[in-house]
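Readers should treat all values here as calculations from the given coordinates under stated rules, not as data from a laboratory. From a predicted model like this one, the values you see are computed outputs, not experimental measurements. As a convention, Cβ positions derive from the backbone with ideal geometry for all residues, glycine included, and neighbour counts pool all protein chains shown.
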Amino acid sequence: MSGMFSTLAIPASAGIGLRSPHIAEMLTRRPSAGWLEVHAENYMGDGAGVEALERLRQTYPLSVHGVGLSLGSARGLNRDHLERLRKVCERFEPDLVSEHLAWSIADGAYLNDLLPLRYDEEALAIVARNVETLQDTLKRRVLIENLSAYLAFADSSMNEAEFLAALVARTGCGLLLDVNNVHVSAHNLQYDAKAFIDALPAEAIGEVHLAGHATNQVGTDTVLIDDHGSRVPPVVWALYQHAIDRLGPRPTLIEWDTDVPVLDVLLGEAMWADMLTASIMFNRRQAARREQTTKARAKPICLPVEYETKTSMPVLAAFAAARSERPSVSSQAPSLEEIYHAAA
Amino acid sequence: MLPLDHLQTTMARAVLAMAPTIAAKALTAGKADPLARLRIYQNNTRSSLTSVLMAVFPVTVRLVDERFFRYAASEFIRRHPPAESRLARYGAGFPRFLKSIDTLSDMPIVAETARLEWAIAEALDAASLPPRSLGDYDNIDLGTSPDISVQPSLRLIVSHWSILSVWTAHQHDAADRHSSWARRAERVALWRAGDNIRLIQLDRANFAFLHSLKHGLGLEQAAGRALALDPGFDLVSALVRLFGDGLVTNVRAAATAHSNSWRQS
């Protein structure tokens, strides 16, 4: 089975989650999308979707994202499910494989939701063992995703970021930073979202997720629900900007699972992510250049003018869009405005 | 402090039972009430699994009304939660569960239609192999009684109720949906063709013929069983239809002769 597909590496740019309503259009239109991510559990059978993915895999780099392995289960991994995941990876040869820091199976039941762990040494030993089993079975590094949570355990002895950092150190796994999850959990459990991101080992982060969430008012409690059912909101874009500023470009996925819109909306969100990353990197280069110019004032004529002209369009577009549609992004990124005027 | 295994079992029961069987002091949620937050997990589990069942049983939803379906689904989820995370397999026991609900005892067609819908769900998740044509075997000696393999997605259902008529009536905005609720046995064959499901109604002989082939009994036994039910069974037409429907995935000489010679040697 292996070696059926050519190796397609996932680029450090935006991709989209492949959802069944879009499969037919993806097959006929083959739109420009950096890469695709699928939920492993949807491709464990032999239905028409599996055949379609085999065709799409010939064109698009692929990431397989597990949602049902329950890496946090104290009783260990379900061997049958692990074997099914191995077969999905063997069949589609994805460039990235990821799962969650969560549990969803206990007492013989699968809850179809991702539940939080009590973050302590006991859980760390259990999850580390499960991640090692997973990586040994798939013979590859797996990225582990942070969770969106609505509650935590009083007896946790560390926070989720510390737990993930320890897990990376212990197992050599990578991380999938879900920026929306960070915002949702930070709001619901009242901690600092940026500090969470800063506490993760940057070099381990191999992928980023972006999505929308819902806001529910229950009495006096405003709780954010991770429903993946809307556009990436400004506050998540701002947090993404903080992450990319620290990490540099990373493969970034637009996730949308409920009330799935037309394909072009997903592709549009992916474009925003690419433009935001491009403008952050442009900003960095500008700053570096300015620093260089200050150091070598004798040769101001050597500024790479042509290069600036080439990159000014996406920056211009990103800024214009950020200003009109995402006010909080531009307000939290005053440096973009500076670039805009410089480029204009 | 509970060991993690015990903590997860307790919490899973709290999520499924829709009751806070876990001690509130073990949980935190910023300034919010942790037990109110626990209800989010309870709702997520119930509503996401209900959506799974509604997607698998759309005609059943229409037969009993969505509110009743949601009630039945939530009882089913509480008593029979998924045993594995491959949700394409969740719902196999739902038709039998519907049969056991008192409210539906005088409407057996509901559970029977659900049984048809589950067969469709199974077929949609099954492989569709390249079909063979009769011409593929023009110059091949298949012996007197070849074995015929059929599409793995083929499902055969027999019901005392007119399940296919009911199912078909609910595929369109049919004005006269209730005319077909008859106590009349229907035998249905269905299989996956690309993204679609094909369904046909069969008579007893053709049903027995396909049923025998599906269970690997070989062409001779399949024809024998069909003829026993109906002396007028037309084997040639049945074979032409079988190939024409793309149901044949392989034909080979029966292995019986080979195993005999092996035994003798």
Inset, instruction - Springs between alpha-carbon atoms under 10 Å, Gaussian network over chain A: tell me which of A:THR258, A:THR215, A:THR28 tops the mean-square fluctuations. - result: A:THR28
Legend entry - Computed label-point distance, nm, for sites A:ASN216 and A:THR293 using a 7 Å Cα→Cβ extension: 5.2 nm
Legend entry - Of A:LEU189, A:LEU147, A:LEU177, the one that fluctuates the most in a GNM where chain A has Cα springs shorter than 10 Å: A:LEU189
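Among rounded, prolate and oblate, which fits the stretch B:1-125 when a ≥ b ≥ c are the square roots of the eigenvalues of its C-alpha gyration tensor, a/c under 1.5 means rounded, and a/b larger than b/c means prolate? List each step's numbers first, then the result.
Numbers: a/c = 2.60, a/b = 2.16, b/c = 1.20.
Prolate is the answer for the stretch B:1-125, as a/c is 1.5 or above and a/b outweighs b/c.
Counting pairs of alpha carbon atoms under 8 Å apart in space and at least six apart in sequence, what relative contact order in percent does chain B give? Please list the in-between numbers first.
On the way: 328 pairs, mean separation 44.8, N = 265.
About 17 percent, as a whole number.
Among the trypsin sites (Lys or Arg not before Pro) within the stretch A:1-64, which fall in a DSSP loop and have no more than 16 other Cβ atoms within 10 Å of their own Cβ? Mind showing how you got there, number by number?
Working: sites: A:ARG19, A:ARG29, A:ARG55, A:ARG57; in loops: A:ARG19, A:ARG57.
Passing sites in the stretch A:1-64 do not exist.
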Legend entry - Separation of the A:ARG285 and A:GLU162 label points, Cα + 7 Å toward Cβ, nm: 4.1 nm
Inset, instruction - Mind telling me which of B:MET11, B:MET107, B:MET54 comes out most flexible in a GNM of chain B, alpha-carbon contacts under 10 Å? - result: B:MET11
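Determine the sum of side-chain charges near A:ASP227: Lys and Arg each +1, Asp and Glu each -1, restricted to other residues whose C-beta is under 11 angstrom from that of A:ASP227.
Details: positive: none; negative: A:ASP226, A:GLU255, A:ASP257, A:ASP259.
Every neighbour counted, the sum reads -4.
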Inset, instruction - Hey, can you grab everything whose amide H is under 5 Å from the amide H of A:ALA154? Only 5+ residues off in sequence or another chain; H modelled, so Pro and N-termini drop out. - result: B:LEU27, B:THR28
Inset, instruction - Please sort through the DSSP H helices of chain A and keep those with an alpha-carbon extent of at least 18 Å along the long axis and a Kyte-Doolittle average not below -1.0. - result: A:121-138, A:234-247, A:263-295, A:305-325
Legend entry - Cα pair distances of the protein assembly as shown binned at 20 Å [whole percent]: 17, 43, 29, 9, 1, 0
Inset, instruction - Kindly provide the pair-distance distribution of the stretch A:14-278 built from C-alpha pairs, with 10 Å bins from 0 and whole-percent values in order of increasing distance. - result: 7, 31, 38, 21, 3, 0
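Please give the charge dipole size of chain B, origin at the Cα centre, charges +1 on K and R Cβ atoms and -1 on D and E Cβ atoms. Round to the nearest 20 debye.
On the way: 30 positive and 25 negative charges, 229 e Å.
Using only the charged Cβ atoms, the result is roughly 1100 debye.
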Inset, instruction - Percent of Cα-Cα pairs per 5 Å bin, from 0 to the last occupied bin, for chain B, please list those. - result: 1, 5, 10, 13, 12, 12, 10, 9, 8, 6, 5, 4, 3, 2, 1, 0, 0
